[in-house]
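Everything on this sheet refers to the single structure shown next.
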Amino acid sequence: MKNLRAIFSDHLRSKRPMFGTWLQVAHPVIVEAMAQTGFDFVLVDGEHAPTPPDVLAGILPALEVHDRPSLYRVRSNNSDLIKSALDHGVSALMVPMVNSAADAAAVVSAAKYPPLGRRGIGPWRASNFYYNEADYVASANSDTAIIVQIETGEAVEAVDAIAKTPGIDALFVGPADLRMSMGLAPGLNDAFLATIKRVADAAKRHNLAAGIDVAALEYMPTYAKLGFSLMTTGVDTSYIIEGGRALSEQARRALG
């Protein structure tokens, strides 16, 4: 099996364009279909969807059989959730609502083995049920990318302190929460662009990747010019609804 952790982290750290899509329906059939959509990775949402770490053992094989890396977003900056997700074998980790250097340090502490952190030894599925434990433990710190979300005005003010935290690989803007936190209007207005540019610039200063969720594809060129290389768009539930609606309308038109 390919080392999907290294594949993801190498791509991310190269700052070449990297595109992912969101998964909320944690069923192996849906997951395996999503693995074949052509995106560089699938972002499994454990924050706003019913996908706690315990569910991961049942769905990660459906991505791995197609050599598709998984980026898993935990529900919160909680060491137990982070440890469990990594022990299940996710390719990379995203943590929401990181608002300070202390928050970022807590993420790294939970996600990295000593001496970089305090993660306990027990990578049951991540190490192929301990058959590859030595190799996994030796490479996990370097191979597993850690992405923190910048979603509040507080986080923007602390973005340089967050970015210089050793062990962080990328800063990822959550546009909806950021706009709400700062009272910004929807769309690519000047205030919003100036705010996210601060995030992208901080990432560049500290040699990190900058990421953002994309609500409309026409935003992508603007984000790329600002320095964002990691982007996500689309979600499984929308594919089902929008695809079904389009097909039902086509069927009715076909019948006149």
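Summary of computed values
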{"read-out": "Contact order relative to length of the chain, as percent, for alpha carbon pairs under 8 angstrom and 6 or more apart", "value": "19"}
{"read-out": "Ranked packing of 207-213, 130-136, 178-184, 159-165, most packed first, by mean Cβ within 10 Å", "value": "207-213, 159-165, 178-184, 130-136"}
{"read-out": "Listed residues LEU93, PRO123, VAL156: farthest to the positive end of the dipole of the chain (Cβ charges)", "value": "VAL156"}
{"read-out": "Estimated dipole of segment 192-231 in Debye, rounded to 20 [Cβ of Lys and Arg +1, of Asp and Glu -1, Cα centre]", "value": "220"}
{"read-out": "Computed over segment 82-163: relative contact order in percent, which uses C-alpha pairs under 8 Å that are six or more apart", "value": "44"}
{"read-out": "Global geometry of segment 1-135, whether rounded, prolate or oblate, following the gyration tensor of its Cα atoms and the 1.5 cut on a/c", "value": "rounded"}
{"read-out": "The chain: calculated mean residue ellipticity at 222 nm from DSSP helix runs of at least 4, using -39500 (n - 2.57)", "value": "-13500 deg cm²/dmol"}
{"read-out": "Close Lys-Lys pairs in segment 4-254, where close means Cα under 24 Å and separation is 8 or more or interchain", "value": "14"}
{"read-out": "Translational diffusion of segment 4-254, µm² s⁻¹ [Kirkwood Rh, Cα pairs; Stokes-Einstein; 37 °C; 0.692 mPa s]", "value": "178"}
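Just so you know, all these numbers are worked out from the coordinates, no wet-lab data involved. The structure presented is a predicted model; accordingly, all values stated were derived computationally and were not measured. Quick reminder, even Gly has a Cβ in these numbers, built from the backbone with ideal geometry, and neighbours come from all protein chains shown.
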